[in-house]
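Below is one structure, written out as structure tokens, with a few remarks after it.
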Amino acid sequence: MEPCGMAAVASVSSLALLDFAFLFLHTALIFFNLLGWAWKKTRRLNLLSIGLTVSAWFVFAPWYGLGYCPCTDWHWQVKK
């Protein structure tokens, strides 16, 4: 049974908001991975971010394939 009325509107609205949040945050993470080394104050955080990204690519590789990104997967689950 599908939600109807206000529940359906709230569900669609929250999914649209979540879609926008994933789009913004994932894009920000990508740009931070690319440019975070440029400022001395963010270099350690950038190293951690890149380390987590590369770890996800290789740790999840046996199950999901090389280069798997949990953020991308979660975003596509919201889009469906």
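The values are calculated or read from the model by the stated rules, or taken from the named source; none is laboratory data. In this text, all values refer to a predicted model and were calculated from it rather than measured experimentally. Heads up, the Cβs are rebuilt from the backbone with ideal geometry, glycines too, and the neighbour counts pull from every protein chain shown. Surface accessibility is based on the protein's heavy atoms, side chains included, excluding ligands, DNA and RNA. Shrake-Rupley method; radii C 1.70, N 1.55, O 1.52, S 1.80 Å.
Could you work out how much longer the chain between L47 and Y68 gets when fully extended? Use 0.36 nm per residue separation minus the Cα distance between them, nm to one decimal. Before the final figure, lay out each step's value.
Details: separation 21, 0.36 × 21 = 7.56 nm, distance 1.90 nm.
Additional length available on full extension: 5.7 nm.
With log10 I(q)/I(0) by the Debye sum over Cα atoms at q = 0.17, 0.26 Å⁻¹ as the read-out, I listed [x] -0.77, -1.38; [y] -0.61, -1.33; [z] -0.79, -1.16; which label goes with the value calculated from this structure?
Given [x] -0.77, -1.38; [y] -0.61, -1.33; [z] -0.79, -1.16, the structure-derived one carries the label [z].
Of the heavy-atom accessible surface of the chain (probe 1.4 angstrom), what whole percent is carbon and sulfur?
Numbers: 5000 of 6700 Å².
About 75 percent, which is the carbon plus sulfur part of the accessible surface.
Give, as a single signed number, the net charge of other residues whose beta carbon lies under 15 Å from the beta carbon of F22, with Lys and Arg counted +1 and Asp and Glu -1.
On the way: positive: K79, K80; negative: D19, D73.
Around F22, the charge tally is 0.
Sum up the charges of everything whose Cβ sits under 15 Å from the Cβ of I50, counting Lys and Arg as +1 and Asp and Glu as -1, but leave I50 out. Mind showing how you got there, number by number?
Numbers: positive: R43, R44; negative: none.
Counting the neighbours of I50, the net charge comes to +2.
Can you give me the accessible area per residue for the chain, using a 1.4 Å probe, in Å²?
Numbers: 6700 Å² over 80 residues.
Here the residues of the chain average 84 Å² of exposed surface.
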